[in-house]
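Enquirer: Pasting a structure here, questions to come.
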Amino acid sequence: MSNHVTLYTTTWCPFCQRLTKALDRTNTPYTNIDVEQDAEAAKWVESVNDGNRVVPTVKFSDGTHVTNPPASAVRAKLEELTS
């Protein structure tokens, strides 16, 4: 299965932890990138959040993105992309 969801997170962010735990509970597939370990990813996050490194930011395979979404929104978008 191709990966349609990429999470941009940090290890210390409680919102990131909540989102990944909720997605993991439902076995929702995603790729996780730590913006503190990947400078290019951090630049992208800043570019879509008015210069701020806001996490979690989620990018979908259709090029859309959302900042700090609920897990239900990520699952709904994934369902849309895979149907």
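Enquirer: Please list the non-local residues whose amide H lies under 5 Å from the amide H of ASN68, H modeled 1.01 Å from N, same-chain partners needing a gap of 5 or more.
Expert: THR57, VAL58
Enquirer: Same structure again: Please get the size of the charge dipole for the chain, origin at its Cα centre, with Cβ charges of +1 on Lys and Arg and -1 on Asp and Glu, quoted in debye to the nearest 20.
Expert: For the chain, the charge dipole is close to 280 debye.
Enquirer: Rounded to the nearest 5, what % of DSSP beta bridges with both residues in segment 5-82 are antiparallel?
Expert: Taking every DSSP beta bridge with both residues in segment 5-82, the antiparallel ones total about 65 percent.
Enquirer: Between beta-carbons, use under 12 Å as the cut-off and find the net charge around HIS4, counting Lys and Arg +1, Asp and Glu -1.
Expert: 0
Enquirer: Here's a follow-up. Can you compute the modelled spin-label distance between ALA22 and SER61, with each label point 7 Å from Cα toward Cβ, in nm?
Expert: Those two pseudo-labels are separated by 2.3 nm.
Enquirer: If we count other beta carbons within 10 Å of each Cβ, what is the order of VAL66, VAL55, fewest first?
Expert: By the 10 Å Cβ count, ascending: VAL66, VAL55.
Quick note: the coordinates plus some simple rules give every number you see, no bench work behind them. Computed from a predicted model, the values in this text were never measured in an experiment. Because the Cβ atoms are built from the backbone with ideal geometry, glycine has one as well, and the counts that use them run over all protein chains shown.
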